[in-house]
Amino acid sequence: MSQKLEQLARDEAFMARALALAERGTGWTSPNPLVGAVIVKDGRIIGEGWHTACGQPHAEREALAACAEDPAGSTLYVTLEPCCHWGKTPPCTDAILEAGIARVVVGALDPNPLVAGQGCAQLREAGTVVETGVLEEGCRHLNEVFFHFITTGRPLVVLKYAMTLDGKAATRTGASRWITGPEARERVHRDRHRFAAIMVGIGTALADDPALTCRLEGGPWRQPLRIVVDSQGRLPLDALLVRTAQEIPTLVAVGPQASAERTGALREAGCSVWASPPAEGGNGAVNLPALLDHAGSLGIDSILVEGGPALHGAFIDGGLANRVQAYIAPKLFGGASAPGPVAGRGVALPADALCLSSPTVTALGPDLLLECAVSPSVESEATPCSPAL
C-alpha cells in the first residue's frame with residue numbers, strides 16, 4: 001500500500017472514531033450540529049470530545065481540554081468544519097491555533113453562512129495544514145437535520161406511521177393500539193428524544209389522548225415540543241397534552257376561525273397558541289408552510305409527524321415532507337373501510353406516485369422499519385395547507 005493510501009486509511013479510522021463520539025450528543029445539541037473531535041499525536045489519541053449540548057463547549061475545545069499531553073504539533077480530526085465566529089461559545093479556530101495544532105482533518109464543511117469554508121481558510125492562512133472531505137458522506141448524513149435547517153430555515157419533517165402488511169393504519173372500527181411490537185415502540189421513543197418536536201393532528205389528539213413524550217427507562221431523556229394542528233381549537237382542556245403543558249411545552253396551531261374564547265382557555269391552561277394566517281383555499285385550515293416557518297423561528301430543527309392519515313396526506317400533498325418512517329407489522333387487518341396511513345388527494349395513475357429514495361430496512365423484533373427520503377425531484381402540485389384538522 002502506498003504511503004498516501006496508508007495515510008488515508010489512518011485518517012478514515014480516526015474520523016470514524018470522531019463520528020462515533022459525535023453521536024453521543026444525539027437529542028441534546030439542537031439546533032446545533034452533532035460534532036466529534038479526536039486529537040492524534042505520533043499515531044496515538046491524546047484527547048477526544050464531542051459537543052454535549054447547545055450552549056456547551058464545542059467538540060474541538062472538549063478534545064483540547066481532555067488532552068493527556070501537549071497537543072502542539074498534533075493532528076485534529078473533526079467531523080464538521082471548526083467555527084470561526086462568536087456565538088454562545090468562542091471561535092474554535094482560535095483555540096486550535098493557540099494550541100499549536102499542526103494539521104486539521106475535516107469531515108464536512110459547515111453550511112452555516114457564518115462559517116461556510118471561512119474556518120478552514122482562517123486556519124490555512126495561519127499556516128495550519130487543512131484537509132477536508134474525509135468520510136464526508138457519513139459526516140453529512142450525521143447532520144442531515146442541521147444541514148436542512150441551516151439551508152432552508154425550516155425543520156426537517158419526517159412522517160412516521162405504523163401499518164399492517166396489507167397497508168392498514170387501523171382496523172375498520174378505528175382501533176390502532178397496538179399494530180407493532182415493543183421493540184418498534186421503543187425505537188419510536190428513542191426518536192422522540194432525538195427530534196426537537198412531535199406533531200399530531202386534532203383527530204389523533206382526540207382519539208388517543210397521547211402524551212407524545214419519551215418514556216424510556218434510564219436516561220436522562222430530552223422531551224420534545226408537542227405540536228397539535230387544531231384548526232378550530234377543539235383540544236380539550238383535560239387532554240393530557242394540556243394538563244402536562246406546564247412541564248413539557250405544548251404548542252397548539254389554530255386556524256383563522258378558531259374562537260378567542262377557546263384559544264384564550266388553552267393559553268390560560270399553559271399551552272402556547274399560534275394563530276395561523278389563512279391557508280390557500282380559505283377553508284379555515286392551518287397553513288402548514290407558515291407553521292413550519294414559525295417552528296423554524298423558534299429554533300425547532302426537526303419534527304416527527306405522528307399524525308393520522310389526514311395530516312400525513314396534507315404534508316404529502318403540500319410537498320412538505322422530507323422523509324418517511326414506515327413501521328410494518330406482519331399482520332393483516334383487512335376491511336375495505338379500514339384506513340391506510342396517508343389520505344390526501346392521492347394520485348390517478350401509478351406513474352404519478354411520489355417516488356421515495358435511499359430506502360433502508362431495520363428489523364425490530366417481528367416488525368420492519370422502512371425509512372426513505374422524499375425525492376427532491378418530485379414536485380407537488382398541491383395547495384400547501386392542511387385539511388380542516
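The values are calculated or read from the model by the stated rules, or taken from the named source; none is laboratory data. Nothing here was measured: the structure is a model prediction, and the numbers come from that model. Here the Cβ positions follow ideal geometry from the backbone for every residue, glycine too, while neighbour counts run over all protein chains shown.
General observations
- Options 351, 343: the member that is assigned to a loop (DSSP other than H, G, I, E, B), free of Cβ contacts under 8 Å to residues at least 60 places away in the same chain and small (Gly, Ala, Ser): 343
- Within the range 13-25, considering residues that are touching a residue at least 40 places away in the same chain (Cβ under 8 Å) and surrounded by 15 or more Cβ atoms within 10 Å (Cβ to Cβ), the one farthest from residue 150 (Cα to Cα): 14
- Test: residue in the range 114-129 that is crowded, with 19+ Cβ neighbours inside 10 Å and under 26 Å from residue 322 (Cα atoms): yes
- Sole exception among (1) surrounded by fewer than 24 Cβ atoms within 10 Å (Cβ to Cβ); (2) in contact (Cβ under 8 Å) with a residue 40 or more places away in the chain; (3) out of contact with any Ser or Thr (no Cβ under 9 Å at 6 or more places or on another chain); (4) among the aliphatic types (A, V, I, L, M) for residue 199, by number: (1)
- Residue within the range 296-310 that is surrounded by 24 or more Cβ atoms within 10 Å (Cβ to Cβ), more than 16 Å from the chain's Cα centre (by Cα) and of a type in the set (A, V, I, L, M, F, W, C) present: no
- Each residue in the range 84-111 was checked for being out of contact with any strand residue (DSSP E or B) (no Cβ under 7 Å at 6 or more places or on another chain) and surrounded by fewer than 24 Cβ atoms within 10 Å (Cβ to Cβ), and 15 of them qualify.
- Given (1) surrounded by fewer than 18 Cβ atoms within 10 Å (Cβ to Cβ); (2) over 17 Å from residue 30 (Cα atoms), number of the condition residue 228 does not satisfy: (1)
- Filtering 306, 280 for residues that are of a type in the set (Asp, Glu), under 30 Å from residue 347 (Cβ atoms) and modelled with pLDDT under 95 leaves a single hit, 280.
- Any hit, the range 57-66, residues being surrounded by 19 or more Cβ atoms within 10 Å (Cβ to Cβ), in contact with a helix residue (DSSP H, G or I) (Cβ under 6 Å, 6 or more places away or on another chain) and either of a type in the set (S, T, N, Q) or in contact (Cβ under 8 Å) with a residue 60 or more places away in the chain (or both): no
- Checklist (1) under 26 Å from residue 54 (Cβ atoms); (2) part of a helix (DSSP H, G or I) applied to residue 303, failing item: (2)
- Any chance residue 164 is assigned by the TED database to the domain that holds residue 222, exposed (fewer than 15 other Cβ atoms within 10 Å of the Cβ) and of a type in the set (S, T, N, Q): no
- Listing of helices (runs of 4 or more DSSP H) fully contained in the range 175-261 that carry 1 or more residues being more than 24 Å from the chain's Cα centre (by Cα), farther than 20 Å from residue 288 by Cβ and not β-branched (Val, Ile, Thr): 202-208, 240-243
- Matching helices (runs of 4 or more DSSP H) fully within the range 1-107 where at least 2 residues are among the small types (Gly, Ala, Ser) and under 21 Å from residue 141 (Cα atoms): 3-22
- Residue 119 meets all of the listed conditions (1) without any contact (Cβ under 8 Å) to a residue 60 or more places away in the chain; (2) over 27 Å from residue 20 (Cβ atoms); (3) touching a Ser or Thr at 6+ places or on another chain (Cβ under 7 Å); (4) of a type outside the set (Phe, Trp, Tyr) but one, namely (2).
- Single match in 268, 280 (criterion: without any contact (Cβ under 8 Å) to a residue 24 or more places away in the chain and out of contact with any strand residue (DSSP E or B) (no Cβ under 7 Å at 6 or more places or on another chain)): 268
- Qualifying residue in the range 220-234 (condition: among the hydroxyl-bearing types (Ser, Thr, Tyr) and within 28 Å of residue 360 (Cα to Cα)): no
- Selection status of residue 158, under 30 Å from residue 15 (Cβ atoms), assigned by the TED database to the domain that holds residue 318, at pLDDT 95 or above and not in a helix (DSSP H, G or I): yes
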